[in-house]
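See structure below.
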Amino acid sequence: MEKLSHKARTRQRILDEAAVVMRESGTEGIGVAALMKRAGLTHGGFYAHFESREALVEAVIAEMFTDSAQRFAAITSLADPAERLTQLIDNYLSEHHRNTPGEGCPMPALVSEIAHLPMETRTLFSQRREAVRQRLAQALRELSHPQADDVASSILAEMVGAVALARACPDDAEARNLLAVSRRAVKQRVGLESV
């Protein structure tokens, strides 16, 4: 029993380290040897936890979405849908989210790479992205928005794109402005702010 517990903790340590690397450097930023060294483990131990690098990437993507959902759990559990949406938008399109890619949502970090990964990984990413979209759509339905599903897709795309662009922007003032403009536009589109 203790061996399984130790093995589970070790696997989690590898996943945690790989999640930071993937959020900061993408899927190609994960080399098995460097990752294991970063986790304080030997290179050979990797295969006791993952059958391949591709299996690691898939497991890390699942882990990142789970971690992201946990970080937003306090917000997503708010009873008032308007407050829930406002806080989700404000937190997602924040300078903190822009400046801490190693902790943030995996979508802005990985969206440009996903199309080049194996179908199983793309399917997993798509399923997890859809779960996020559904949470947005649910809040919009609770607010009686007439096109909740379509608008949820659109605002998710804008928010992911805005964070990705803000991270790519070398000018902090321009990045802050991009996030502020997107926050305002998304809130206006869903009826949380007047034009």
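The values are calculated or read from the model by the stated rules, or taken from the named source; none is laboratory data. Since the model is a prediction, treat every value here as computed from it, not as a measurement. Positions of Cβ are backbone-derived with ideal geometry, glycine not excepted, and every protein chain shown enters the neighbour counts. Note: areas computed on protein heavy atoms with side chains; ligands, DNA, RNA excluded. Shrake-Rupley method; radii C 1.70, N 1.55, O 1.52, S 1.80 Å.
Summary value for the chain: 22 percent relative contact order, contacts being C-alpha pairs under 8 angstrom separated by 6+ residues.
May I ask which residue of 78, 43, 66 lies farthest towards the positive end of the charge dipole of the range 1-131, with charges of +1 (Lys, Arg) and -1 (Asp, Glu) on Cβ and the Cα centre as origin? The Cα lying farthest towards the positive end belongs to 43. Only helices enter this figure: runs of n ≥ 4 DSSP H residues, each worth -39500 (n - 2.57), summed and divided by the residues of the chain, yield -24000 deg cm²/dmol at 222 nm to the nearest 500. Applying 1/(1 + (r/R0)^6) with R0 = 25 Å to the Cβ-Cβ distance of residue 11 and residue 79, what FRET efficiency is obtained, to the nearest 0.05? Efficiency computed from Cβ-Cβ geometry: 0.10. For the range 22-87, the set of GluC sites (Glu not before Pro) satisfying both a DSSP loop assignment and a count of at most 11 other C-beta atoms within 10 Å is given as 51.
Our note on the geometry: Cα centres of the range 30-55 and the range 96-147, 26 Å apart.
The label-point distance for residue 130 and residue 167, in a model that sets each label 7 Å from Cα toward Cβ, rounds to 2.4 nm. May I ask you to list the residues of the range 45-61 whose amide nitrogen lies under 19 Å from a point 7 Å from Cα along the Cα→beta-carbon direction of residue 123? 51-61, by backbone N distance to the label point.
In this structure, the amide hydrogen of residue 193, modeled 1.01 Å from its nitrogen in the peptide plane, lies closer than 5 angstrom to those of 188, counting only residues at least 5 positions away or on a different chain.
Annotation: amide H-H contacts under 5 Å for residue 104 (H modelled 1.01 Å from N, sequence separation of 5 or more, or interchain): none. When the chain is described by a simple charge dipole with +1 on each Lys and Arg Cβ and -1 on each Asp and Glu Cβ, the residue from 29, 146, 111 located farthest towards its positive end is 29. Mind sorting out which of (1) -0.46, -0.55, -0.83; (2) -0.37, -0.45, -0.74; (3) -0.62, -0.70, -0.92 is the real log10 I(q)/I(0) by the Debye sum over Cα atoms at q = 0.10, 0.11, 0.14 Å⁻¹ computed from the coordinates? It is the value labelled (1). Accessible surface computed residue by residue for the range 142-184, with neighbouring protein chains in place and a 1.4 Å probe, gives 52 Å² per residue.
Placing +1 on the Cβ of every Lys and Arg and -1 on the Cβ of every Asp and Glu, with no other charges, gives the chain a dipole of roughly 320 debye about its Cα centre.
So, with a 1.4 angstrom probe, what is the percent of accessible area on the range 85-150 that is carbon and sulfur? For the range 85-150, the apolar C and S fraction of the accessible surface comes to 49 percent.
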